[in-house]
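The values are calculated or read from the model by the stated rules, or taken from the named source; none is laboratory data. Since the model is a prediction, treat every value here as computed from it, not as a measurement. Don't worry about glycine lacking a Cβ; one is built from the backbone with ideal geometry, like all the others, and counts go over all protein chains shown. Keep in mind that these areas ignore ligands, DNA and RNA; they rest on the heavy atoms of the full protein, side chains included. Shrake-Rupley method; radii C 1.70, N 1.55, O 1.52, S 1.80 Å.
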Amino acid sequence: MGNPRKTYPEEFRKDFVRRYQESGKNMVEFIKSEEISYHTALDWVKKYSSSGTTNRHRNGPYTPEERRQAIEAYQKSGLTQEDFCKTW
């Protein structure tokens with residue numbers, strides 16, 4: 001049958017979120033180097049981030065360079081626009 005679900009200790013999840021937030025990368029870029037699914041990573045960031053959000057720019061505009069990076073990351077991600085927007 002299918003693969004058994006992999007479980008991770010809470011300390012591992014918190015460390016993952018800390019590393020993600022310190023990386024300065026968007027979620028799609030960051031998880032490429034990790035063996036964590038997009039949806040799992042998104043759940044962890046929502047649960048363990050101090051702000052409860054995955055987006056460092058919620059209250060401010062993106063720079064032109066950040067917009068370019070977002071478009072490139074979206075095109076490479078293979079995600080739906082809705083799912084991608086949750087990570088950027």
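Would you mind finding the one in THR87, THR63 that is under 13 Å from the mean Cα position of the chain (by Cα) and at pLDDT below 80?
Of THR87, THR63, the one residue that is under 13 Å from the mean Cα position of the chain (by Cα) and at pLDDT below 80 is THR87.
Applying the criterion of being part of a helix (DSSP H, G or I) and of a type outside the set (D, E, K, R) to the residues of region 33-45, the residue that is surrounded by the most Cβ atoms within 10 Å (Cβ to Cβ) is VAL45.
When the residues of region 5-32 are filtered to those that are within 15 Å of GLU66 (Cβ to Cβ) and in a loop (DSSP other than H, G, I, E, B), the one that is most open to solvent (accessible area, probe 1.4 Å) is LYS25.
Pick from region 72-88 the residues that are assigned to a helix (DSSP H, G or I) and among the polar types (S, T, N, Q): which of them is surrounded by the most Cβ atoms within 10 Å (Cβ to Cβ)? Before the answer, list the steps.
Going through region 72-88, the residues assigned to a helix (DSSP H, G or I) turn out to be 72-77, 81-87.
The next check asks that each one be among the polar types (S, T, N, Q); those that pass are 75, 77, 81, 87.
Working: GLN75: 9, SER77: 20, GLN81: 8, THR87: 22.
Only one residue fits best here, namely THR87.
Listed by first and then second residue, the pairs with beta-carbon distance under 8 Å, at least 6 apart or on different chains, first residue in region 70-88 and closer than 10 Å to TYR38 by Cβ, second open to solvent by 40 Å² or more (accessible area, probe 1.4 Å) and among the aromatic types (Phe, Trp, Tyr), are PHE84/TYR74.
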